[in-house]
1. If you go through the range 13-24 one residue at a time, do you hit one that is farther than 23 Å from ILE124 by Cα, outside any strand (DSSP E or B) and at pLDDT 95 or above?
2. Quick check on THR67: is it in a strand (DSSP E or B) and in contact (Cβ under 8 Å) with a residue 24 or more places away in the chain?
3. Conditions: (1) modelled with pLDDT of 95 or more; (2) farther than 14 Å from THR102 by Cα; (3) crowded, with 20+ Cβ neighbours inside 10 Å. GLN180 meets all but one. Number of the miss?
4. Scan PHE108, PHE51 and give me the residue that is part of a strand (DSSP E or B), within 17 Å of ASP148 (Cα to Cα) and in contact (Cβ under 8 Å) with a residue 24 or more places away in the chain.
5. What tally of residues in the range 123-156 results from selecting those that are in a loop (DSSP other than H, G, I, E, B) and either acidic (Asp, Glu) or surrounded by 12 or more Cβ atoms within 10 Å (Cβ to Cβ) (or both)?
6. Give me the residue from the range 28-62 that is surrounded by fewer than 16 Cβ atoms within 10 Å (Cβ to Cβ) and among the aliphatic types (A, V, I, L, M) and, out of that set, farthest from the chain's Cα centre (by Cα).
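The values are calculated or read from the model by the stated rules, or taken from the named source; none is laboratory data. What you see is a predicted model; the values in this text were computed from it and never measured. With ideal geometry, Cβ positions are generated from the backbone for all residues, glycine too; neighbour counts draw on all protein chains shown.
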Amino acid sequence: MRTAFTRAARLTAAAVTATAVALTVAVGPAQADLWTHTDGFEGNPAAVWEFHRSGAGSGAYELGTGTARSGWNNAILTTSTGGWSGVGKLLTVGPRTAGHSTTCGGGFFVRAVSGPAVLNVEVIDPASWTYLALRTVRITDTVWRRHDVASYANGPSQVFVRVSLLGGSGAVRVDDMAFQCSFYRA
């Protein structure tokens, strides 16, 4: 399973790099860097991840239960009508260089536990608590699938990335987050 996640992270990094290369060819010489952050809820997830909820939503870590997509740990989110729950973490995007444009994006692997679910994949500016990127996804099966948020440009140096399960949905498991930024100067 770890190999599948590593392959997915490499493919995502390759796509971001290919975009940077395409920009270089299209506009001439450029300086580009790629920054990647991955987290599979391993180690002590409570030290870096946090749960948010409203109404009947809840979340928990499943540690060593055999339910993770890779490794040993994952998160589980539940909710009922009128509530929502989410799991997220604060990231410091770096290294940033003055004068460089930035494009960032990423996602999570999610699977429904028993039935359909609707969730948001979110990137939030923690200073104003507004969305930088948002994607709503409907899950109809119980297979692990990666769900990415649309990329955004020139955001702040700190972002909050989160998956939120929307009310009335069945439970979902969350694992293997990957987030990437490319920095370039034309």
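1. No: zero hits.
2. On the way: in a strand (DSSP E or B): no; in contact (Cβ under 8 Å) with a residue 24 or more places away in the chain: yes.
Judged against the criteria, THR67 is not a match.
3. (2)
4. Working: PHE51 fails: within 17 Å of ASP148 (Cα to Cα).
The match here is PHE108.
5. 6
6. That would be ALA56.
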